[in-house]
Amino acid sequence: MTNSSLLARLDRLRAELPALGAEAFLISQPENRWYLSGFSGSSGWLLVTDQQVWIATDFRYYEQVGLECPGFELVKVTTRFVDVLPELLTKTGVRRLAFEADCVTFADGQEWAKAAPDVEWTPTKGVVMKLRAVKDASELATMRAAIALADDALAVGLAQARPGMTELELSWIIESYMRTHGAQTVAFDLIIACGPNGARPHARAGDAPLIAGEPIVIDMGARINGYNSDLTRTVCLGQPNDPARFWEVYNTVLAAQVAAEAAIRPGMNGQDVDAVARDLIAEAGYGDYFGHGLGHGVGLAVHEEPRLSRLTPSMLAPGHLVTVEPGIYLPGWGGVRIEDIVLVTEDGVEVLSRAPKEPIVG
């Protein structure tokens, strides 16, 4: 991350302060803190004023802050953050302070207000998340690398997948490839769900064996420099045991995904994109078996803004990265989900996930 990128992000946040009626912003949400400072530690608070940025953290991260955040003012926390908060606010002269009400506990909020009773506390929700939703050039480069690594890891895993291998064994082949080819870690615990296990959208890899001819849902991602990819494919080891049902469900999901990706345009509401896929699945008779949203933003968090969901309006804009992942889940049989990450462009989308969608392996 370049210094110019950080400065641009901080300036965008400062531009939000007048509308909030605040003089400064206190950041405590981990991904937001990283986005605005480059600090990757697990504990810290960022105070952004119109001229300076102060970062408060404890002994574990003093040296790390100096390396990752040159030019930031360091506040050493020796006991609790609330103990240094009054002096920090006095030093900066802040009297009207915005904070992240959507990630601060009720108890912390009460303690802060008690420690600084002369400060006007302004609760906010989603301010930095909205800024994070539009990816800059450096973020897109990192995301492309994380997406490509997941594509490669899936190909390696499928080349070694065999009936009788457990879900966990296949999971480890994929995970170990990502970890030894540039990933910090996996984006989340891999989902490898064979047969009826695939009817649970967030099943985790277990000791169940992979069975020839049964649908296998594989949901995975790599994390590179803090940024996460997210990829799902559904495969069969050999021809499906129930070919009529498998191909009807698979082709319905694939058609819904292709239609949704083709429909996306900047300025479109995420609810309308969701409806493109959802209506097609409902027309095929499987509407009751597609229970989650069509997709979500992805970046520093696996799930972030914007959302492609019937429940949440989100206006799409160039620079947004979203997943498109329709699914059908039939209890007792299994599931099919297909997921890409796409970049919203000026006139549509660029599909960044390149993993093949041919489901028959071997």
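The values are calculated or read from the model by the stated rules, or taken from the named source; none is laboratory data. From a predicted model like this one, the values you see are computed outputs, not experimental measurements. Note: ideal-geometry Cβ built from the backbone for every residue, glycine included; neighbour counts use all protein chains shown.
Of all residues being without any contact (Cβ under 8 Å) to a residue 60 or more places away in the chain, out of contact with any Leu (no Cβ under 9 Å at 6 or more places or on another chain) and part of a loop (DSSP other than H, G, I, E, B) in segment 307-323, which is surrounded by the most Cβ atoms within 10 Å (Cβ to Cβ)? Just the residue, please. Only one residue tops the list, namely Thr312.
Scan segment 58-65 and give yes if some residue there is touching a strand residue (DSSP E or B) at 6+ places or on another chain (Cβ under 6 Å) and part of a loop (DSSP other than H, G, I, E, B), otherwise no. No; the residues of segment 58-65 include none that is touching a strand residue (DSSP E or B) at 6+ places or on another chain (Cβ under 6 Å) and part of a loop (DSSP other than H, G, I, E, B).
Residue selection: Ala183 fails the criterion of being within 17 Å of the chain's Cα centre (by Cα) and not in a loop (DSSP other than H, G, I, E, B). Between Ala141, Ala107, the distinction of being assigned to a helix (DSSP H, G or I), out of contact with any strand residue (DSSP E or B) (no Cβ under 9 Å at 6 or more places or on another chain) and in the same structural domain as Gly319 (by TED's automatic domain parsing) belongs to Ala141 only.
Residues are listed down the side, and each one gets a yes or a no for (1) modelled with pLDDT under 95; (2) aliphatic (A, V, I, L, M); (3) surrounded by 14 or more Cβ atoms within 10 Å (Cβ to Cβ):
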position	(1), (2), (3)
Asn3	yes, no, no
Leu6	yes, yes, yes
Pro18	no, no, no
Gln51	yes, no, no
Gly66	yes, no, no
Glu100	no, no, yes
Lys114	no, no, no
Val119	no, yes, yes
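Could you check, for segment 242-252, whether at least one of its residues is surrounded by fewer than 24 Cβ atoms within 10 Å (Cβ to Cβ), among the β-branched types (Val, Ile, Thr), in contact (Cβ under 8 Å) with a residue 24 or more places away in the chain and out of contact with any Asp or Glu (no Cβ under 7 Å at 6 or more places or on another chain)? For segment 242-252, residues surrounded by fewer than 24 Cβ atoms within 10 Å (Cβ to Cβ), among the β-branched types (Val, Ile, Thr), in contact (Cβ under 8 Å) with a residue 24 or more places away in the chain and out of contact with any Asp or Glu (no Cβ under 7 Å at 6 or more places or on another chain): present.
Answer yes or no: is there a residue in segment 252-264 that is touching a Pro at 6+ places or on another chain (Cβ under 6 Å), within 14 Å of Ile341 (Cα to Cα) and either part of a strand (DSSP E or B) or at pLDDT 95 or above (or both). Yes, segment 252-264 contains at least one residue that is touching a Pro at 6+ places or on another chain (Cβ under 6 Å), within 14 Å of Ile341 (Cα to Cα) and either part of a strand (DSSP E or B) or at pLDDT 95 or above (or both). Return yes when Ala205 is in a loop (DSSP other than H, G, I, E, B) and either over 17 Å from the mean Cα position of the chain (by Cα) or of a type in the set (Asp, Glu) (or both) and no when it is not. Yes; evaluated as a whole, the condition is true for this residue. Taken over segment 324-344, the criterion of being assigned to a loop (DSSP other than H, G, I, E, B) and either within 17 Å of Asn228 (Cα to Cα) or in contact with a Gly (Cβ under 9 Å, 6 or more places away or on another chain) (or both) is satisfied by Glu325, Pro326, Trp333, Ile338.
Set side by side, the residues Phe72, Phe39 differ, and just one is in contact with a Cys (Cβ under 9 Å, 6 or more places away or on another chain), under 30 Å from Val298 (Cα atoms) and not aliphatic (A, V, I, L, M), which is Phe39.
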